[in-house]
Amino acid sequence: MSTFVPREVQAGLDAARKQAGRKRNRLRVEVDGKRHPVLRIWDDGFAVEAEVVPGLRGLVDLYDGAVHLKRCLIVAAAEDAGEMQYEFKRMTEVSDQQPLDFAREEDAPVALLAVDTGA
């Protein structure tokens, strides 16, 4: 049995794979107020479509739909099969709370209640 696939058939399969990835993937990368779809993501990087997304570099934000996931400093790594791959130099999780510069005690009071002296 031959495993040879004609070039046209391979191109069609690649296009179908990219189209399916775009439909089910909600991941987006935002740069300068513009959002671009992410084809796939792994521990230390992600890939976008090379023809659609302009060259990225520097600080970007990673979203899953409308949820802001991470703020990343990226560098271009490689271009392969129509994908531009980027690696994370630094990745910071996004939080909805302000960071603390001190250790919070487990039994610390949440609020201060005034004592009514009746005066």
If VAL52 meets every condition in (1) at pLDDT below 90; (2) more than 30 Å from LEU13 (Cβ to Cβ); (3) aliphatic (A, V, I, L, M) apart from one, which number is that one? (2)
Which of the residues spanning region 63-114 are of a type in the set (Asp, Glu), under 15 Å from PHE46 (Cβ atoms) and exposed (fewer than 11 other Cβ atoms within 10 Å of the Cβ)? ASP80
Subset tally (residues that are more than 30 Å from ARG17 (Cα to Cα), within 20 Å of the chain's Cα centre (by Cα) and of a type in the set (A, V, I, L, M, F, W, C)) for region 83-109: 1
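Considering VAL9, VAL53, which residue is surrounded by 15 or more Cβ atoms within 10 Å (Cβ to Cβ), outside any strand (DSSP E or B), without any contact (Cβ under 8 Å) to a residue 60 or more places away in the chain and over 14 Å from the mean Cα position of the chain (by Cα)?
Only one candidate passes the filter, namely VAL53.
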Among the candidates ASP44, ASP64, single out the residue that is acidic (Asp, Glu), touching a Phe, Trp or Tyr at 6+ places or on another chain (Cβ under 6 Å) and in contact (Cβ under 8 Å) with a residue 24 or more places away in the chain. ASP44
Going through (1) farther than 14 Å from GLU87 by Cα; (2) touching a Pro at 6+ places or on another chain (Cβ under 8 Å) one by one, ALA11 fails only at (2)
Test for HIS36: is it in a strand (DSSP E or B), modelled with pLDDT under 90 and under 15 Å from the mean Cα position of the chain (by Cα): no
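The values are calculated or read from the model by the stated rules, or taken from the named source; none is laboratory data. Just so it is clear, the structure is predicted and the values come from calculations on it, not from any experiment. Heads up, the Cβs are rebuilt from the backbone with ideal geometry, glycines too, and the neighbour counts pull from every protein chain shown.
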